[in-house]
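A short worksheet on the structure shown next.
Please treat every number below as a calculation from the coordinates, not as lab data. Everything quoted here is computed from the prediction, not taken from an experiment. Neighbour counts run over all protein chains shown; Cβ positions are idealised from the backbone, glycine included.
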Amino acid sequence: MKHRALILRWAPHLALLLLLATEYKLGLSASQSQEELRVALDEGTPRQKAWAIHVLANRGDPTDGPLHRMYIQKAILDPDPLVADMTYMVDVCRLLQPSRQEKRLSVRFDEPTKAQDNLEDWFRRFEFYRRKVGGRPLGGSLRLKQQEVKWLLHVLSGGKLDEEEVMPYLERRQEGTNSARMHRLAPNRKRDREQKGSTGLIPGR
Amino acid sequence: MPIPAQNLDGEFESPPWRTFWVIAAAGLTLRLCLLWIVGDLDLQSDEANYVYLGIAWNHFGFYFDQHRYLWPPGYSWLMARSLNLFGENGMLAVKYLQVFASVSIGMTTMLLTVRLFGLRAARIAGWIWVAYLPLAAFTHVLWNETFFSALFLPGLYQILRLMQRGEDPRATWRVVVAGLCLAGSLYLKESPQFLVVVLALLLVPFAGGLLEGVRRATLLLLVVAACILPWGMRNLNVYGKFIPLGTSLGENAFQGLNQDYRNFDLIPIEKDRERRDIPATRNVTRHWFDYVEPILYRDLQARMDALRENVSTAMKASKDQVAAGGDADPRAGALQAQLLRNTTLQQRWLDQTPQKDPDSLVEFAGNVGWLRAEPPQVINTAQRSEVNWANGLRFAKEHPGWYARSRIRKLADLFTPTSFFTRHLALGHYDETPLGGHLLRKLTSLWAIACPMIVLLLGIVGYTTVLRSRPAWLLFGCTFGYFLCTTLLVAMSRFRIPTMPLLIALAAGCVVHHRTVEGRTRKALAAVAVLLVVFLWWITWPENSMAFREMVWRRYSA
């Protein structure tokens, strides 16, 4: 009887150890190998591709991995908006200088007629990219404001934007900042040259 | 009046639940009123980052790191779910949720106090919590302090009960509840992850037997481990490294173990002042506590001349070396950069009106600090954190004098009487709300300053004089000590928020039982503690008074 009471007192420990072992096992089995990630990158659904990019960009040394310059440049033009959006996020932008992304974003400010993405796609990528914790952290003064959150949520739920309303607002925000490079998102070739390493992999910022 | 915690038989006054709920309802009402008054404020600082991460989580289906940090996912997950459910009103929904979650903080404060100091003190503690504006203000901003405290404090309360009761038939249940609460809080802030180990160790000597103590301690650790392991495994998959919840150590080392002094209570204020073209509060700082190499302003010219000569000699020697077929001396370039930096600093000081006092301290930029590790040097956020932490430690070891001085400043930053509420007032975030009005602004700012001043002083006196329960003394001491240690890297008023309810309990105990204090040692300890706090306020007084006077008080009287 005494032993039974003693065992019962330690029963929660045993149950938790079993739970921990199960979690560990499940965690390991959910972990994908580089090969599985490569397959997901090529053949997966857009969400699987985005996840594969996320993991491949963060785990191990990505230098000789599948996220090379050609892949990223192709992904920028990917017909699936989710994959294309992913190239504007911090994972990809810190792998390869995001000059192409910046060019696509800045063209709407500089020469709107030559804009390659429709306004909604462009706005979504612009908001994901130009953030303190986003693709390119351009300083605290360009953090999301509620108006931008409203537009972003509207766009994400399939809504349309009014260019006459959005662009002047974004222009005003950029002008209201005190950081040197916030007025335009045009590529900075001098900086790109300085930061580019021999492998073509350079600091994201 | 006897202090209940002196009663070692485990008999405590049972909580008057009705009174507690009435006080909690008053706190809830006040916080709801505050939320209605200020409305859905625009996003500031990290608020925008949490919202960004929530939106990105919904869009891509997973959680991104923040490049320099890997925050625990709890708050962003909540934001993601709320935005999913309520659309653009999701942010406001989180604020309402915070208001209701804050009741947990108020109730725990009263429950802790009733066990330690009795009913009267608990009622006082409850009303202090109701009126404590800097805490209340965190319910209408999108920072995770409210949710964190709402989970962390009940966990601590259960630990206290276990420590006080010894043999307790409901011990297992209490340990599980404590573990779940603490694990939940870790999903919001990873900083107390090592405190959990300390708390587990504290359970051992107070369990009525070593075996039972070990049983409780290991159970607590297992519950917490079972809760955080799934996220740790996810991080292992993504980063190739087991990170239990998140990591901010490296970035905090960059901010706190580096040449430039950074305090996030003041950084936005400095930026705002720069934008308005008014003198920086940095001009009046007591620089002895933060400059790596402070020198007198009147000695600056002599130091600059010596540096110019050094640079000239080094450059000439380097050129000669190159001419002789050797390599250029890298030291010459470093000296040149140092001269450039000093010249820029000096010019800024020379441009000031009025001129700097000859006896004021200025920085002689002998050491330029260190830069963050960036790709390709590091691959991911986890690795960046490790490298930055190593750099920070190296910098601290190379400058032991600066390290000791600047840690005093960090303590002062933690004990500052200002808060995020006064920071928001100073930055004009409440300008479009009734709180930005002339009278309310002045009243609430004074109130917000008075709250921490009174509670910090009374709370610390309470800890040294009227807290006589050994378990509580150890528990509170370890908790305060732990949070003090974490703020030795980066400190600001926000980091003391989780400990404020404990200080409120101690302050209430001090109010009710101060007459029972006997013995010169306790009184002397209390006096030293008060002097220490006043000394820490003296350190931050120049910037705080300048910002308060010019940006909160006078700004709107014109």
In whole angstrom, note down how far apart the Cα centers of segment A:67-137 and segment B:236-261 are.
27 Å
Helix B:119-131: angle to the longest alpha-carbon principal axis of chain B, degrees 0 to 90, nearest 10?
40 degrees
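Using the number of other C-beta atoms within 10 angstrom as an exposure proxy, rank A:113, B:479, B:247 with the fewest first. The partial results should precede the final answer.
Details: A:113 6, B:479 21, B:247 24.
Fewest-to-most ranking of A:113, B:479, B:247: A:113, B:479, B:247.
Grab the beta carbon distance between residue A:35 and residue B:282, set R0 = 56 Å, and tell me the FRET efficiency rounded to 0.05. Mind dumping the intermediate values first?
On the way: r = 54 Å, r/R0 = 0.96.
Plugging the Cβ-Cβ distance into 1/(1 + (r/R0)^6) gives 0.55.
Over all distinct Cα pairs, what is the inverse of the mean 1/r for segment A:43-135, reported as the Kirkwood hydrodynamic radius in Å? Walk me through the numbers on the way to the answer.
On the way: mean 1/r = 0.0742 Å⁻¹.
Answer for segment A:43-135: a Kirkwood hydrodynamic radius of 13.5 Å.
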Between helix B:330-350 and chain B, what is the angle of the helix's C-alpha long axis to the longest principal axis, kept within 0 to 90° and rounded to the nearest 10?
70 degrees
Across the alpha-carbon set of the protein assembly as shown, Rg over Rh with Rh taken as the Kirkwood radius works out to 0.98
For segment B:335-483, build the convex hull from the C-alpha positions and give me its volume per residue in Å³.
260 Å³
What translational diffusion coefficient, in µm²/s and rounded to a whole number, does the Stokes-Einstein relation yield for segment B:465-504 at 37 °C and a viscosity of 0.692 mPa s, taking the hydrodynamic radius as the Kirkwood radius over Cα pairs?
300 µm²/s
What's the percent breakdown of Cα-Cα distances in chain B across 10 Å bins, shortest bin first?
3, 15, 25, 26, 18, 8, 4, 1, 0
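Please give the per residue volume of the convex hull enclosing the alpha carbon atoms of segment B:305-417, rounded to a whole number of Å³. Before the final figure, lay out the partial values.
Working: hull volume 21.7 nm³, N = 113.
Per-residue hull volume (Cα only) is 192 Å³.
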Expressed in angstrom and ordered largest first, the alpha-carbon extents of segment B:225-330 along the principal axes are 64, 49, 26
Holding the Cα-Cα limit at 20 Å, pick out from A:49/A:74; A:145/B:95; A:74/A:103; B:241/B:397; A:49/A:160 the pairs that are longer than that.
B:241/B:397; A:49/A:160
Take the alpha-carbon centre of segment B:495-537, take the same for segment A:3-39, and report the distance between them in whole Å.
45 Å
Which value in nm describes the separation of the simple spin-label points at residue B:431 and residue A:173, placed 7 Å from the Cα toward the beta carbon?
1.9 nm
Cut-off under 15 Å on the C-alpha distance; same-chain residues fewer than 8 positions from residue B:316 excluded. Which aspartates and glutamates are left, in chain and number order?
B:327, B:329
What area, in nm² and to one decimal, does the C-alpha convex hull of segment A:1-89 cast on average over all directions?
8.2 nm²
Put in order of increasing Cβ neighbours within 10 Å, starting from the fewest, B:227, B:181 give B:227, B:181
Select from segment B:61-101 those chymotrypsin sites (Phe, Trp or Tyr not before Pro) which occupy a DSSP coil region and have at most 15 other Cβ atoms within 10 Å, ordered by residue number.
B:62
Over its alpha-carbon atoms, segment B:61-136 yields an Rg and a Dmax in Å of 17.3, 51
What is the angle, in °, between the Cα long axis of helix B:193-203 and the longest principal axis of the Cα atoms in chain B? Nearest 10 is fine, range 0 to 90.
40 degrees
Any aspartates and glutamates whose Cα falls less than 14 Å from that of residue A:150, other than same-chain ones fewer than 8 residues away, would be A:120, A:127, A:162, A:165, B:40, B:42, B:88
Take segment B:48-186, compute every pairwise Cα distance, and split them into 10 Å bins from 0; I just need the percent in each bin.
12, 33, 31, 18, 6, 0
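At R0 = 30 Å, how high is the FRET efficiency between residue B:515 and residue B:440 if r is their beta carbon distance? Nearest 0.05 is fine. Don't jump to the answer; show the numbers that get you there.
On the way: r = 37 Å, r/R0 = 1.24.
The pair residue B:515/residue B:440 has a calculated efficiency of 0.20.
In segment B:268-322, which trypsin sites (Lys or Arg not before Pro) fall in coil by DSSP and have 12 or fewer other Cβ atoms within 10 Å? List each step's numbers first, then the result.
Details: sites: B:271, B:273, B:275, B:276, B:282, B:286, B:298, B:303, B:308, B:316, B:319; in loops: B:276, B:286.
Those satisfying the criteria are B:276.
Give the shape of segment B:293-368 as rounded, prolate or oblate, defined through the alpha-carbon gyration tensor: a ≥ b ≥ c are the square roots of its eigenvalues, a/c under 1.5 means rounded, and otherwise the shape is prolate if a/b is larger than b/c and oblate if not.
Numbers: a/c = 3.18, a/b = 3.09, b/c = 1.03.
Taking the square roots of the gyration eigenvalues as a ≥ b ≥ c, segment B:293-368 is prolate.
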In which sequence would B:500, B:304 go, from the one with the fewest C-beta neighbours within 10 Å to the one with the most?
B:304, B:500
Rounded FRET efficiency, nearest 0.05, which uses the C-beta distance separating residue B:37 from residue B:398 and R0 of 45 Å:
0.35
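Could you work out the percent of alpha carbon pairs in segment B:141-290 separated by over 20 Å, rounded to a whole number? Please list the in-between numbers first.
Details: 6852 of 11175 pairs.
When every Cα pair of segment B:141-290 is considered, 61 percent fall beyond 20 Å.
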